[in-house]
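Novice: Structure in structure tokens, see below.
A short reminder: the numbers here are calculations on the coordinates, not readings from a lab. For clarity, every value in this text was computed on a predicted model and none was experimentally measured. Because the Cβ atoms are built from the backbone with ideal geometry, glycine has one as well, and the counts that use them run over all protein chains shown.
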Amino acid sequence: MKTIVLFLFIFVAIACKASTVVYVCNNGTTNKYHLKPNCRGLSRCHFKVVKMTLEKAKASQKTLCRHELPKQQKQQAPSKKKHKT
Ligand SMILES: [Zn+2]
């Protein structure tokens, strides 16, 4: 029974943390948001940098800037070793 209470507590904690602030260049055309205000992509912004919640950014079809994307693990097939001839 305690497990359920704990689970509920964690859920609430996550729900409260949902309002992550992101940074968007207010040039009117960007569709990227940034997690860090000092991001490389954002430093190129010559307009005002606006703060908004992650939810709002996502709601306006914005995606995470490519500099801050988690490194994707390329699941490439093991490279074929050259046959020794
Ligand atoms: Zn960025």
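Novice: Using modelled amide H (1.01 Å from N, peptide plane; none on Pro or chain starts), what sits under 5 Å from the amide H of Thr53, excluding residues fewer than 5 places away?
Specialist: Amide H neighbours of Thr53, under 5 Å, 5+ apart: Val22.
Novice: Per residue of the range 30-44, what does 6.51 cos²θ - 1.76 cosθ + 1.60 with θ = phi - 60° give for ³J(HN,Hα)? Whole Hz please, x for Gly and Pro, Karplus curve as stated.
Specialist: 5, 10, 10, 10, 10, 7, 9, x, 9, 5, 4, x, 7, 5, 7
Novice: So, one more: Here is the link list: Lys32/Lys71; Lys36/Lys62; Lys48/Lys71. Which ones come out longer than 25 Å on Cα distance?
Specialist: Lys48/Lys71
Novice: With every atom except the alpha carbons ignored, what do you get for Rg and Dmax of the range 18-69, in angstroms?
Specialist: 9.7, 29
Novice: Quick one: 3J(HN,Hα) in Hz for the range 19-27, Karplus 6.51/-1.76/1.60 with θ = phi - 60°, rounded, Gly and Pro as x.
Specialist: Per residue, the Karplus-derived 3J(HN,Hα) values read 8, 6, 8, 10, 10, 10, 6, 8, 8 Hz.
Novice: Something else: What does the net charge come to around Leu64 if you take all other residues with beta carbon closer than 12 Å to its beta carbon, with K and R at +1 and D and E at -1?
Specialist: Net of charged neighbours comes to +4.
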